[in-house]
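Notes follow the structure.
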Amino acid sequence: MKNIVILLSGRGSNFEAILRTARAENWEAEGLRIAAVFSNRPDAKGLATARAEGLDAFAVDHKAFATREAFDEELARRIEPYEPAVIVLAGFMRILTPGFVSRWEGKILNIHPALLPLFPGLDTHRRCIEAGCRVHGSTVHFVSAVLDGGAIIGQSVVPVMTTDTPDTLAARLLPYEHKVYPKCVKAVAEGRVKLVDGRAVMDDATARELAVF
Ligand code: GAR
């Protein structure tokens, strides 16, 4: 069985979308399962959801650690027994140390609420509106040592209305995050997408599948 480990910090709607898809498509029959969910915030809604769904779900509170390295060490120690094929950051709002990232290079995925390489960092919806963009989107990428800078795996795209606020734009985008992320997780877990020389390599059918409009 290939294990997926989820890291989250809050609401967990992307985690829920992956779980829903995994169940609807019976990923377990293909040897793929969501093995555990970890949160750096004990009160994260996503952690409660994971527990209610009967998954292994743990809090590793970053506030209990003096340094980023110490937190990441403990998180890695707790993840290691699951021998993850893929680690999915689903609204995980902590920057991971280079040590953690290199340990699972090519296996850690993140979703970012912008069409990277545009708008890395925070406040993406507001920055997209202020830039006058006519489209916005989300990007699933391999996590590298550069924040929001790893190889792009898949993207989903939505229009921007002239009346949009950051909240209305975020609300339009979220269902499209939920569409693209499960597809990317499955494709990486199945080995259809690989990190080669800093780029995500896949066949044309997979590239089409991971471009969501
Ligand atoms: C999502 O919009 C995701 O793209 C974003 O946080 C939200 C989490 O929502 N991630 C980042 O900003 C990462 N830097 P969720 O907890 O409902 O999945």
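Here are some notes:
- When residues of segment 52-68 are limited to those that are of a type outside the set (V, I, T) and exposed (fewer than 13 other Cβ atoms within 10 Å of the Cβ), the one nearest to I34 (Cα to Cα): G54
- Where M161 falls short, out of the listed (1) in a loop (DSSP other than H, G, I, E, B); (2) among the hydrophobic types (A, V, I, L, M, F, W, C); (3) closer than 16 Å to L115 by Cα: (3)
Listed here are the residues, each with its yes/no results for (1) more than 13 Å from the ligand (Cβ to nearest atom); (2) of a type in the set (K, R); (3) without any contact (Cβ under 8 Å) to a residue 24 or more places away in the chain.
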position	(1), (2), (3)
L115	no, no, no
F119	no, no, yes
L122	no, no, yes
E130	yes, no, yes
S138	no, no, no
D148	no, no, no
I152	yes, no, no
Q155	no, no, no
M161	yes, no, yes
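- Options A17, A76: the member that is under 18 Å from the mean Cα position of the chain (by Cα), more than 11 Å from the ligand (Cβ to nearest atom) and among the small types (G, A, S): A76
- Sole residue being of a type outside the set (A, V, I, L, M, F, W, C), modelled with pLDDT of 95 or more, touching a His at 6+ places or on another chain (Cβ under 9 Å) and surrounded by 14 or more Cβ atoms within 10 Å (Cβ to Cβ), chosen from R126, R192, R172: R172
The values are calculated or read from the model by the stated rules, or taken from the named source; none is laboratory data. Keep in mind that what you see is a predicted model, and the values were worked out from it rather than measured. Backbone-built Cβ (ideal geometry, glycine too); neighbour counts: all protein chains shown.
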